Amino acid sequence: EAEARLLLQEAQESIEAARSYRRELEQRLRGLQQAREQIRESATLTRDVLEQHFNDLKGTLKKLLDERLMSLLQEVDAIEQESIKPLDECQKLIEHGVSTANDLLRDGESAVHGDVGQRNEKLCSFTKKALHIQLDSLPEVPSLVDVPCLSAQLDDCLLTILKNQIFSHGTVASRPPVQLEEFIEKPGGILVRWCKVDDDFIPQDYRLQYRKSTASHFEDVYVGSETEFIVLHIDPNVDYQFRVCARGDGRQEWSPWSVPQFGCTTLVPHEWTTGLEGYSLSSRRNIALRNDSQSCGVLYSKAPTYFCGQTLTFRQVLSGQLIETVGQPDRRDSLGVCVEQQNGYDSLQRDKAVCISTNGAVFVNGKEMTNQLPAVTSGSTVTFDMEVVQLGPCSNEGGNFKLRVTISSNNREVVFDWVLDQCCVSLYFGCSFSYPGWKVLVF
């Protein structure tokens, strides 16, 4: 019986191993199928691109050749007309002289062979007429060496140059020099990272494109030298397709596109709360402008959308919030996070909040720290990073929940522990400015 149980156990283990082996094989088959599809789809797309490109080239070359031919023919017509015109004028003058000479000959013959009684009178009249015509004056006719002789000067080496250029024009690459590497979810955005996979390729710039899965065309979202970029205005739980290419050092043309990949975010975008009189919001409610209203107070986020473990950044291009324009600074100004919304305050420099003032002072639960960061000015970067370092049941004195907070500004940072009397992993963010002109984009 024990032997039977052992055999049964071994058989079940073999069955499970066979199932696992089959799953691995099926997964590899799917991988092979995807590889085939990628090769076929990219080959079809490459054929279409090549055919379209060379058809465009043929059309453009034909148009350019036709235009050049027309220009040369017009030049021939102009030279011909300009050269023939004086010859036509000379011909008219000679034909007129021939006609005058014929008339004079008839008059002379008539005078010579006329009646004897009128001969002397006619001869005298003919002689005067002949002297008046100046029979010794002849128009000048140009010699053939002085007359233009048109010819076409065509350089046969153009065909050789074109042939060499055409035979070397275009290449087919089997692997792009850069590939997408990582997608990181951000509130209302996706941080896209890519890397160089060709060691011999020296990149100068990168070009990132994206499109919704339902769209037909890609659009540029970033061109620059960085190898990561956060794409904003991404709808949560919607697939977006990304691709990247690069431009070699000192070159104008872009490399082939990387293999397109899908990315999405499940995090809803950060939004400011509407209705506070002292601030004007954008249509997406992610940009807040301190207006010239006399009302003051703290502008909070619509919901506690900042979670521990994420990075909340105040910056224009990368992740976070942008200090786009600045107004006059004040010690009461604040940018930071808090446990809950509390109305009636004009700053986040209060209990259950951490913030930085525009003069660089850092406040924790309303108390100013000795460490200070650089002042916030136009283009400044401020980031908040938080992680849970202690979690436990609250005692009578509280303080069993601790967050490790890192605030960075302009390449300097302060690190401290924020002690709270309640468990809190999702936080509100907020800002307050005493004077108008400050403009903050949050993401």
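The values are calculated or read from the model by the stated rules, or taken from the named source; none is laboratory data. Since the model is a prediction, treat every value here as computed from it, not as a measurement. Counting neighbours? That spans all protein chains shown, and the Cβs are built from the backbone with ideal geometry, glycine included. The area values use the complete protein model at the heavy-atom level, side chains included, leaving out ligands, DNA and RNA. Shrake-Rupley method; radii C 1.70, N 1.55, O 1.52, S 1.80 Å.
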Taking the Cα centre as origin and putting +1 on Lys and Arg beta-carbons and -1 on Asp and Glu beta-carbons, what dipole magnitude results for the range 17-168, to the nearest 20 debye?
1700 debye
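I'd like the carbon and sulfur percentage of the solvent accessible area for the range 17-168, probe radius 1.4 Å, heavy atoms only, ligands and nucleic acids excluded.
Numbers: 7870 of 13700 Å².
With neighbouring chains kept in place, the figure for the range 17-168 is 57 percent.
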HN-Hα J in Hz across the range 259-275 - Karplus 6.51, -1.76, 1.60, θ = phi - 60°, x for Gly and Pro:
5, x, 9, 9, x, 8, 10, 9, 8, 5, x, 5, 9, 7, 6, 7, x
CD proxy at 222 nm, helix term only [per DSSP H run n ≥ 4: -39500 (n - 2.57); per residue of the chain; nearest 500]
-12000 deg cm²/dmol
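Ignoring ligands, DNA and RNA, how do I161, I133 rank by accessible area with a 1.4 Å probe, largest first? Each step should come with its number before you reach the end.
Working: I161 90, I133 50 Å².
Heavy-atom accessible area, descending, gives I161, I133.
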Give me the distance between the Cα centres of the range 161-224 and the range 1-34, rounded to whole Å.
42 Å
Tilt of helix 116-133 relative to the longest C-alpha principal axis of the chain, in degrees (0 to 90, nearest 10)?
30 degrees
Extension length gain for Q341 and R5 (0.36 nm per residue less Cα distance), in nm, is 114.5 nm
Measuring from label point to label point, each 7 Å out along Cα→Cβ, what is the I79 to K367 span in nm?
9.6 nm
In debye, nearest 20: dipole of the range 279-442 around its Cα centre with unit charges on the Cβ of K, R (+) and D, E (-)?
360 debye
Just to check I understand the Karplus step: with θ = phi - 60° and J = 6.51 cos²θ - 1.76 cosθ + 1.60, what whole-Hz values come out for the range 381-388, glycine and proline as x?
10, 10, 10, 10, 10, 9, 9, 6
Would you grab the residues whose amide H sits under 5 Å from the one on G379? Only those 5+ places off in sequence or on another chain, please, with H modelled 1.01 Å from N.
I323
In this structure, the FRET efficiency calculated for H169 and T214 from their beta-carbon separation, with R0 = 35 Å, to the nearest 0.05, is 0.45
Placing each pseudo-label 7 Å from Cα in the direction of the beta carbon, C90 and F201 end up separated by a distance in nanometres of 7.0 nm
Can you work out the PRE-style zone for R332? Point 7 Å along Cα to Cβ, and I want the residues of the range 417-441 with backbone N under 20 Å.
430-440
Taking the range 1-133 on its own, what percent of its Cα-Cα pair distances exceed 25 Å?
75 percent
Helix 2-112 sits at what angle to the longest principal axis of the chain, using alpha carbons and giving 0 to 90 degrees rounded to 10?
20 degrees
If each of L158 and F262 carries a label point 7 Å out from its Cα toward its Cβ, how far apart are those two points in nm?
5.3 nm
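Heavy-atom accessible area per residue, the chain, 1.4 Å probe: how many Å²?
So the chain comes to 65 Å² accessible per residue, rounded to a whole number.
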Going out from 0 in 10 Å bins, what whole percent of all Cα-Cα distances in the range 178-265 drops into each bin?
18, 52, 25, 5, 0
Compute the acute angle (0 to 90°) between the alpha-carbon long axis of helix 157-168 and the principal axis of greatest extent of the alpha-carbon atoms of the chain; round to the nearest 10°.
20 degrees
Amide H contacts of D205 (H built 1.01 Å from N, under 5 Å, at least 5 apart or other chain):
R247
Below 8 Å between Cα atoms, with a sequence gap of 6+, how large is the relative contact order for the chain in percent?
11 percent
Positive-end residue, the range 17-168 charge dipole about Cα centroid, Cβ charges, pick of I133, G114, C149:
C149
Work out the length of the dipole vector of the chain about its Cα centre, built from +1 on the beta-carbon of each Lys and Arg and -1 on the beta-carbon of each Asp and Glu, and round it to the nearest 20 debye.
1200 debye
Report, to one decimal in Å, the Kirkwood hydrodynamic radius for the chain based on all distinct Cα pairs.
31.2 Å
Tell me, what is the FRET efficiency for Q27 and D351 to the nearest 0.05, using R0 = 60 angstrom and their Cβ-Cβ distance as r?
0.65
